[in-house]
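For reference, the structure is listed below as C-alpha cells.
The values are calculated or read from the model by the stated rules, or taken from the named source; none is laboratory data. These numbers come from a predicted model, not from an experiment. Don't worry about glycine lacking a Cβ; one is built from the backbone with ideal geometry, like all the others, and counts go over all protein chains shown. Only protein heavy atoms, including side chains, enter the accessible area calculation; ligands, DNA and RNA are left aside. Shrake-Rupley method; radii C 1.70, N 1.55, O 1.52, S 1.80 Å.
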Amino acid sequence: MLETAVEAARRAGQLIAEQYPTARDVSHKGYRDLVTETDIAAEETILELIHQRFPDHAVLSEEAAGGEIGAGYTWVIDPLDGTSNYAHRLPIFSVSIAVLEQGDPIIGVVYDPMREHLFAGQRGSGATLNDEPLQVSTIVELEHSLVGFDWARGVEARNQVLSKLERVAPLCHTVRSMGSAALGLTYVAAGWLEGYFHLALHPWDAAAAVLLVAEAGGRYTTYDGSAYDISLPRCAATNGLIHEDLLDALQDALQGSD
C-alpha cells in the first residue's frame, strides 16, 4: 500500500507540474473554495491506480462524491492541496494520500511536485523525506519557534484565526501561512516548523500529515490537548517540546473570543 501511495502521488504530481504553466480553468464549488481541471485530473490518476490494485478498499477523496471512511482500509486523498495557491501560480501545494485502518492512519504520503519533496511514512516505521529520515525540531521555547497556520474560508472562522494570531504571534519567533495544510503539518515533521495549527481541517487535509508528525517524533492534539482524529476540524501539531505552550496560547485565544 505504501508503494502504491508513493507511485500514485508521483503520477499525480507529475501531471500537476506539467499543467502548472498552462492557463487555468477555475470554478467555485463553495465560498472561497476553488477547484481546477487539474484537481479533477490528478484525482482520477490516483483513483485509477488504487481501484486497480485494491478494488475492495474504501476511498474518501476531496473531489469525488459519495466516499466515506470504511470499517477496514480506507484511502483518504487530496489530489491538490493548496488549490488557491495553484490557481494563482504560487508554487506551494501538494498531493496528500493516506491509508486508514479502522479509521486510524497507518500510511501517509505528501508530495510537493515543484520541489520534488516526497514525504512518506508508515505507522511504527518512521517517516522520510526522499528516503532520508525525518525528525522534528529540537527547539524547546515558543519564543524561538516558527509556527505555521492556515486560514479558514468563512468570515467568522477567519475572525477566530485572527484572535489566535493576536495571542500566538507575540509569543513565538514568527508565523507563516502555508496555503496547504498538508504541507504545513508535514513541515512540523521535517523540523522546518516547530508548530502548526488549523481550525477548519477536513480528513483529506490531515490524514497523511499527522501520521508523518507522529512518526517523526512530534505530537498532535485538539486545542484542549485531547486526542485528535481526522474527523475533527481543529488540530495543533508540534515538535512536542513546545506543545503545552502553544496549547496555552490557543486556549487563551479561545477564551478571549467567547
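Table for the structure above
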read-out: Some residue of segment 166-189 being out of contact with any Asp or Glu (no Cβ under 6 Å at 6 or more places or on another chain), within 18 Å of residue 231 (Cα to Cα), part of a loop (DSSP other than H, G, I, E, B) and open to solvent by 10 Å² or more (accessible area, probe 1.4 Å); value: no
read-out: Residue selected from segment 122-147 under the condition part of a strand (DSSP E or B) and either in contact with a Ser or Thr (Cβ under 7 Å, 6 or more places away or on another chain) or acidic (Asp, Glu) (or both), by the criterion farthest from residue 181 (Cα to Cα); value: 132
read-out: Scope segment 193-246; condition open to solvent by less than 30 Å² (accessible area, probe 1.4 Å), in a loop (DSSP other than H, G, I, E, B) and under 19 Å from residue 68 (Cα atoms); matching residues; value: 201, 228, 230
read-out: Selected residue [open to solvent by less than 30 Å² (accessible area, probe 1.4 Å) and either modelled with pLDDT of 90 or more or more than 15 Å from residue 14 (Cα to Cα) (or both)] from 84, 94; value: 94
read-out: Residue match in segment 141-156 (condition: touching a Gly at 6+ places or on another chain (Cβ under 7 Å) and hydroxyl-bearing (Ser, Thr, Tyr)); value: yes
read-out: Test: residue in segment 116-131 that is β-branched (Val, Ile, Thr), surrounded by 22 or more Cβ atoms within 10 Å (Cβ to Cβ) and at pLDDT 95 or above; value: no
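Listed here are the residues, each with its yes/no results for (1) among the β-branched types (Val, Ile, Thr); (2) within 15 Å of residue 4 (Cβ to Cβ); (3) under 19 Å from the mean Cα position of the chain (by Cα); (4) assigned to a loop (DSSP other than H, G, I, E, B).
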position: 44; (1), (2), (3), (4): no, no, no, no
position: 52; (1), (2), (3), (4): no, yes, no, no
position: 56; (1), (2), (3), (4): no, yes, no, yes
position: 60; (1), (2), (3), (4): no, no, yes, no
position: 68; (1), (2), (3), (4): no, no, yes, yes
position: 71; (1), (2), (3), (4): no, no, no, yes
position: 75; (1), (2), (3), (4): no, yes, yes, no
position: 80; (1), (2), (3), (4): no, no, yes, no
